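Here the structure is laid out as structure tokens; the discussion comes afterwards.
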Amino acid sequence: MELNKYTVFLEVARQQNLSKAAEVLGYTQSGVSHTLKRLEKEIGLTLFDRNRNGASLTRAGEELMPYISQMVQCQDHLDS
């Protein structure tokens, strides 16, 4: 199962910054941005409010956070 987009979501939520999340993940900032845009389009919700100071979760993002976190944790457990 491809959970990369969810890992990106979680790291941006942790860092509250696309550039910092990209650095941690070893991606480019534009790659992180594109991944988030694709995820938001896929689920039909805006997950982050982005501005020049960073990115913060929207209400929808906050509501999805525990489910996305659980999916990634389950996959990590299966992979180990």
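I need the trypsin sites (Lys or Arg not before Pro) found in the chain, filtered to DSSP loop residues with at most 12 other beta carbons within 10 Å of theirs.
52
So, R0 is 25 Å and r is the distance between the beta-carbons of residue 51 and residue 77; what FRET efficiency does that work out to, to 0.05?
0.10
Work from the charge dipole of the chain (Cβ charges, +1 for Lys and Arg, -1 for Asp and Glu, about the Cα centre) and give the residue of 13, 75, 53 farthest towards its positive end.
Farthest along the dipole direction, towards plus: 53.
Within the chain, what whole-number % of the accessible surface is contributed by carbon and sulfur, with the 1.4 Å probe and all protein chains included in the calculation?
C and S atoms contribute 48 percent here.
To the nearest 20 Debye, how big is the dipole of the chain about its Cα centre, given +1 on the beta carbon of each Lys and Arg and -1 on that of each Asp and Glu?
Charge dipole of the chain: 360 debye, to the nearest 20.
Just the number please: accessible area per residue for the chain, 1.4 Å probe, all protein chains included, in Å².
68
Quickly work out the residue 43-to-residue 69 label distance, labels modelled 7 Å from Cα along the C-beta direction, and quote it in nm with one decimal.
About 1.4 nm, to one decimal.
Separation between the residue 16 and residue 2 pseudo-spin-labels, each 7 Å from Cα along Cα→Cβ, expressed in nm?
Label-label distance for residue 16 and residue 2, simple model: 3.2 nm.
The values are calculated or read from the model by the stated rules, or taken from the named source; none is laboratory data. Given the structure is predicted, the values throughout are model-derived calculations rather than measurements. Every residue, glycine as well, gets a Cβ built from its backbone with ideal geometry; the counts of neighbours run over all protein chains shown. Surface accessibility is based on the protein's heavy atoms, side chains included, excluding ligands, DNA and RNA. Shrake-Rupley method; radii C 1.70, N 1.55, O 1.52, S 1.80 Å.
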